[in-house]
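Some notes on the structure that comes next.
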Amino acid sequence: MNNESDIFVCCGRWCHELGSERILSKLRKRFNKRMGKNERTVSACRCTGHCEQGVNVVVGESVIHEVTEENVFDKLSDKESYRPLRKEELVDI
């Protein structure tokens, strides 16, 4: 199980094509700079199984769909963007 504050960016094939690496880089720059490396983990993960709604970002046991470089921080701060992951969807990170 993930820490509630850990962030995982899907880097499966489709999300990668939609720019997940750039989103991952942007998140790492922001959180490593502001929060310290030990307080919040920002990592890549395998496919979350929501390809049609990518780029997907997993936070704790929730997933945020349709993340872009432009909206990533707005979506992270808007708890209404979070959708619960079912246990069978939890990725092996």
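The values are calculated or read from the model by the stated rules, or taken from the named source; none is laboratory data. Bear in mind that the values here come from a model prediction, so they are computed numbers and not experimental data. When the accessible area is computed, the model is the full protein with side chains, heavy atoms only, and any ligands, DNA or RNA have been set aside. Shrake-Rupley method; radii C 1.70, N 1.55, O 1.52, S 1.80 Å.
What the table below lists for this structure:
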| quantity | calculated |
| --- | --- |
| Amide H contacts under 5 Å for A44, placed H, 5+ residues apart | V9 |
| Karplus 3J(HN,Hα) series, Hz, for region 48-63 with 6.51 cos²θ - 1.76 cosθ + 1.60 (x for Gly, Pro) | 8, x, 10, 3, 5, 10, x, 6, 10, 10, 9, 10, x, 10, 10, 10 |
| Accessible area, probe 1.4 Å, largest first, for residues F73, F8 | F73, F8 |
| Ranked order, C15, C47 - accessible area, probe 1.4 Å, largest first | C47, C15 |
| Residues whose placed amide H lies under 5 Å from that of L85, excluding near-sequence neighbours | S62, V63 |
